[in-house]
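Right, one structure below, let's go through it.
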Amino acid sequence: MSTPTLPTSNKSWINRLPVISHLKMSSGLQRGMLIAGLVLSGVFLIAAIFAPLIAPFDFAQSSDASGDFPRQAAPDAKFIWGTTATGYDVFSRTLFGAQTAIWVILAAVVMSLFLGVLLGLISGYLGGWFDRIMVVLADAIYAFPSLLLAIVMSIVISQGQSSLFGGVMAAAISITVVFIPQYFRVVRAEVMRLKAEPFVESAQVIGASPWRVMFAHLLRNATRTLPLIFTLNATEALLTLAGLGFLGFGIEPTSASEWGYDLNRAMSDATSGIWWTGLFPGLAIVLTVMGLTLVGESMNDLNDPRLRRFSRKKAKRITQSGKVGASQ
């Protein structure tokens, strides 16, 4: 009995997806780094999505039917990663911290992606005084340290503390302001290069409006590198969120779990030999950032045409040697 196969068009569409296409053209150590990054990122996503099902307790729960939870209890059968100074379960707060992180990353990167691409598209195509003003503003924002700018924006938006929705949006908007110039610069440079191409000039000759040229002809061709920037910015968004929480400008602990805040509260525990309250949130940050960085850097290397040609030549040599061996 023959097994069903996907149509060729569906296969080609799937093979063109950013991560899958990079995985197919990778080899050796590069493929191992990409797979390791995908595994770590997948664990992060699974923890964020299924946190309410996996976590034995709520992130702000300090008691159950048997009574109050012990404070700073060492890992045991009931609290596998121990408890904090306020009696919260470390394992549960670490899982729910992944959920908070994914909300902030998605909100921040999506907002910055939308605004940065739109402004870069308009500025690169129209040019003139609007382009000069946007370039100056982008350079001014880019000159500020990202964490300092995020702290200022967090204070302005929510006075440094907020509920879950308010805190997520405050952190996301703070990070968005930092990321917009990156997308703006990339898209503007691509649009300025592409607007002199024959297909754009042909569209202008037949009477296409500037908006149609920008969104129908330039947008798709100017945003091919954005999945890579999205991946790299996700790590910076996570570190900025952790920095805000560690410095006390993040989300209130009773509104959501946040790894940076938990690290801040664990500082005093470390001097007393209580290692579990800071170890696991810290490992969560390190492993998540490592996973996203491995994915982003591997995609960045594979976007280099020289590396791509090397992979193809290597695959061709392997195929030819296999054919020669089979013929012998």
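The values are calculated or read from the model by the stated rules, or taken from the named source; none is laboratory data. Model, not experiment: these values are computed from the prediction. Note that each Cβ is placed from the backbone with ideal geometry, even for glycine, and that neighbours are counted across all protein chains shown. SASA here: full protein model, heavy atoms, side chains in, ligands and nucleic acids out. Shrake-Rupley method; radii C 1.70, N 1.55, O 1.52, S 1.80 Å.
Conditions tested, residue by residue: (1) at pLDDT 85 or above; (2) within 27 Å of Thr86 (Cβ to Cβ); (3) open to solvent by 40 Å² or more (accessible area, probe 1.4 Å); (4) within 19 Å of the chain's Cα centre (by Cα).
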{"residue": "Ile14", "(1), (2), (3), (4)": "no, no, yes, no"}
{"residue": "Pro18", "(1), (2), (3), (4)": "no, no, yes, yes"}
{"residue": "Lys24", "(1), (2), (3), (4)": "no, no, yes, no"}
{"residue": "Leu38", "(1), (2), (3), (4)": "yes, no, yes, yes"}
{"residue": "Gly42", "(1), (2), (3), (4)": "yes, no, no, yes"}
{"residue": "Asp64", "(1), (2), (3), (4)": "no, yes, yes, no"}
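Contact map, the range 58-82: residues that are touching a residue at least 24 places away in the same chain (Cβ under 8 Å) paired with residues that are outside any loop (DSSP other than H, G, I, E, B) and open to solvent by 60 Å² or more (accessible area, probe 1.4 Å), Cβ distance under 7 Å, separation 6+ or inter-chain. Pairs shown: Ser62/Asp68.
To keep it simple, each residue is scored yes or no on (1) touching a strand residue (DSSP E or B) at 6+ places or on another chain (Cβ under 7 Å); (2) open to solvent by 20 Å² or more (accessible area, probe 1.4 Å); (3) of a type in the set (Phe, Trp, Tyr); (4) more than 30 Å from Trp275 (Cα to Cα).
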| residue | (1), (2), (3), (4) |
| --- | --- |
| Asp89 | yes, no, no, no |
| Ala98 | no, no, no, no |
| Ala108 | no, no, no, yes |
| Leu126 | no, yes, no, yes |
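How about the range 173-220: which of its residues are more than 30 Å from Phe144 (Cβ to Cβ) and of a type in the set (Asp, Glu)? Scanning the range 173-220 gives Glu197, Glu201. Looking across the range 185-233, just one residue is closer than 30 Å to Met290 by Cα, surrounded by fewer than 16 Cβ atoms within 10 Å (Cβ to Cβ) and of a type in the set (A, V, I, L, M, F, W, C), and that is Ala189. Identification of helices (runs of 4 or more DSSP H) wholly contained in the range 198-301 with 3 or more residues that are more than 22 Å from the chain's Cα centre (by Cα) and modelled with pLDDT under 80 yields 198-205.
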